[in-house]
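Each remark here refers to the structure printed beneath this line.
Computed from the coordinates by the stated procedures, all read-outs in this text should not be read as laboratory data. Quick caveat, the model's predicted, so the values are computed rather than measured. Cβ sites come from the backbone with ideal geometry, for glycine too, and all protein chains shown count toward neighbours.
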Amino acid sequence: MNIDDTSRMNQPDIPRFISNTRRRAIRESAVGVLLIGILAYEMRTIVPGTTQFYGTMITILSLAIIIGVLWSYVIDRTTLHLHPKTDVRFWRGAFLSQAKLLRLVPFWYLAPLLAGVVIRLLPSGTTTYWDFVISFIVCMMVFICLTWLNRRGAAKLEMQAQSLT
């Protein structure tokens with residue numbers, strides 16, 4: 001194996017990168033649309049003006065915004081024809097842009113979504129204070145785990161961006 005082959009082995013697979021961003025957006029959009037549908041269906045039985053009502057509305061709005069942000073960062077397949085693999089500057093920027101999006105997940109993705117969920121779970125006539133505390137702890141654990149996973153993914157994308165030559 002010569003030096004040229006070794007450097008190519010360390011190169012990120014740009015078509016796979018494009019495919020992965022698209023698959024992630026499709027997968028998360030499908031889940032988001034499903035959740036919006038479920039929550040919209042539940043809205044029929046929720047009394048307007050309650051914390052459950054407002055929490056559900058915030059959650060639905062958050063899901064819609066998340067889907068919009070996801071698709072605004074998807075890299076289209078035609079991009080590879082416009083920017084060949086040798087356009088290192090463009091692809092490094094694309095990798096770093098995706099990494100930044102992942103690093104900011106706690107702010108644009110998790111915080112608004114979990115705020116709606118927490119408001120929805122606030123104690124009411126049917127739930128107790130302890131039900132809320134347990135649910136809140138679970139929400140925070142999910143927040144921490146998802147933040148860690150996304151930051152880990154961002155670190156991998158940043159390493160791939162640096163390996164582009």
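Overview of values
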quantity	calculated
Lys, Arg +1 and Asp, Glu -1 on Cβ, resulting dipole of the chain about Cα centre, debye, nearest 20	260 debye
HN-Hα J in Hz across the range 141-148 - Karplus 6.51, -1.76, 1.60, θ = phi - 60°, x for Gly and Pro	5, 4, 4, 5, 5, 5, 4, 4
Degrees between helix 111-121 axis and first principal axis of the chain (Cα, 0 to 90, nearest 10)	20 degrees
Longest exposed-site-free window of the chain, the sites being trypsin sites (Lys or Arg not before Pro) in a DSSP loop that have at most 16 other C-beta atoms within 10 Å	86-165
Value at 222 nm in deg cm²/dmol, rounded to 500, when DSSP H runs of n ≥ 4 in the chain each add -39,500 (n - 2.57)	-25500 deg cm²/dmol
Fluctuation leader among L80, L63, L96 - the chain, Gaussian network, Cα springs under 10 angstrom	L80
Compactness of the chain as Cα Rg over 2.2 N^0.38 Å, two decimals	1.32
The chain, relative contact order [Cα under 8 Å, separation at least 6], %	33 percent
C-alpha long axis of helix 14-42 to longest principal axis of the chain, angle in °	10 degrees
